[in-house]
1. Pulled fully out, how much extra length does the chain show between D356 and T75, if you take 0.36 nm times their separation in residues and subtract their Cα-Cα distance?
2. Ordered by packing density, taken as the mean number of other Cβ atoms within 10 Å over each peptide's residues, highest first, how do 86-94, 321-329 rank?
3. If R₀ is 25 angstrom, what is the calculated FRET efficiency for the pair A87 and Y118, using the beta carbon separation as r and rounding to 0.05?
4. How far, in degrees from 0 to 90, does helix 193-204 lean away from the longest principal axis of the Cα atoms of the chain, to the nearest 10?
5. Using the alpha-carbon atoms, what tilt in degrees (0 to 90, nearest 10) does helix 70-80 show relative to the longest principal axis of the chain?
6. Which pairs break 31 Å Cα to Cα here: K20/K231; K231/K306; K110/K306?
7. Quick one: compute the contact order of the chain, relative version, from alpha carbon pairs under 8 angstrom and 6+ residues apart, as a percent.
8. With angles folded into 0 to 90 degrees, how steeply does helix 297-310 sit against the dominant principal axis of the chain? Use alpha carbons for both and round to 10.
Amino acid sequence: MSGTPVTLNMSAPTRGARGKPPRHFVDLTPEQRVEAVTALGEKPFRAKQLATHYFTHLTSDPAEMTDLPKASRDTLAAELFPPLLTAARTLQADGGTTVKTLWHLFDGAKVESVLMRYPNRSTLCVSSQAGCGMACPFCATGQLGLTRNLSTAEIVEQVRAAARSLADGEIPGGPTRLSNLVFMGMGEPLANYKAVMETVRRLVAPAPDGLGMSARNITVSTVGLVPAIEKLTNEGIPVTLAVSMHAPDDELRDTLVPVNTRWSVDQTLDAAYRYFQVTGRRVSIEYALIRDMNDHAWRADMLGEKLNARGKGWVHCNPIPLNPTPGSIWTASDPAVEAEFVARLRAHGIPTTIRDTRGSDIDGACGQLAADEEG
Ligand code: SAH
């Protein structure tokens, strides 16, 4: 990837009180927002004004809320828009079209988000947890362990910040909208189910109660927590489901994705197929290609067979060369091996595209920046 990483801003980590983040407007339902506003002595319609500022103008800054009396907006903002995220570092690559932000949360926990602008879309990769409890050995976040779940507002704030910087024209290419969102930052989104689903609801709700994004442009990526996939299947919100497969056989997947010892490859694929049947949404299969570990041609064949055994046209494969994490003995597959792996899947009729590795020069792989700070 092109571009030199630039450190724009550094600040000392803030260590604060343990516990829940302070109350935030985004965590409240529209009814609760009205209650909160009236409890602060304001007229009920102020709730809608605040929602418009937040979700349409993408601001929580009272100085921008010029349709509210000065005293009201200062009180409302102080009470309902406490700062939840502080940008500690910002790294850029690809001529400024890839921007990675390390956020410090109110209690000193750290998470990352990565914004990637393409010619015809802009994708934000968000974190749903500080750290992760899934312990996948090739993943930087997996080595950190789980610190805690993020609240809905802490996730939505990552989205608002990115959408605002796109709207303000801060990313080269002129002002634009955030079109896509992937839960592929730190954490296992389905292990923080409630907050993640509430986030999705805020993202797809039409203005002024949400960002008005399309559910199909939101990807929930999971290690394969089968009961949670089943729950997601019945939500009636057609997000794109991505399953981090990484091996087609239980023996290897037990090592690469330890939760496989709980829900096997077959159980995981059955749940993914059911998701497709009910929602009509094609499922993505993620596969990090690790040299001499999981990149054998026979494993591509086995994956293709297991996918086809369930149905045709229900799945799309996304191999990605491993982004090596510091201290790991594992590395990415040879290009020729990668090409053969892709060719085998395609020969089985599985649509396959190598996933973009943008930002690998800025520790784009999940959790690397936060892991670096810990070290
Ligand atoms: N916990 C969720 C979402 C976060 S990880 C999940 O596992 O799906 C997002 C994707 O990045 C997953 O497919 C994960 O397996 C992959 N990933 C993690 N570390 C990686 C690395 N070092 N190189 C390539 N992909 C990696």
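1. Separation in residues times 0.36 nm, less the Cα-Cα distance, equals 96.7 nm.
2. 86-94, 321-329
3. Between A87 and Y118 the formula returns 0.65.
4. 70 degrees
5. The angle comes out at about 40 degrees.
6. K110/K306, as the Cα separations exceed 31 Å there.
7. After rounding, I find 15 percent.
8. For 297-310 against the chain, the angle is about 70 degrees.
The values are calculated or read from the model by the stated rules, or taken from the named source; none is laboratory data. Fair warning: this is a prediction, and the values are worked out from it, not measured in the lab. Ideal geometry is used to build each Cβ from the backbone, glycine not excepted, and the neighbour counts take in all protein chains shown. Accessible surface is based on the protein model in full, side chains and every heavy atom, while ligands, DNA and RNA are left aside. Shrake-Rupley method; radii C 1.70, N 1.55, O 1.52, S 1.80 Å.
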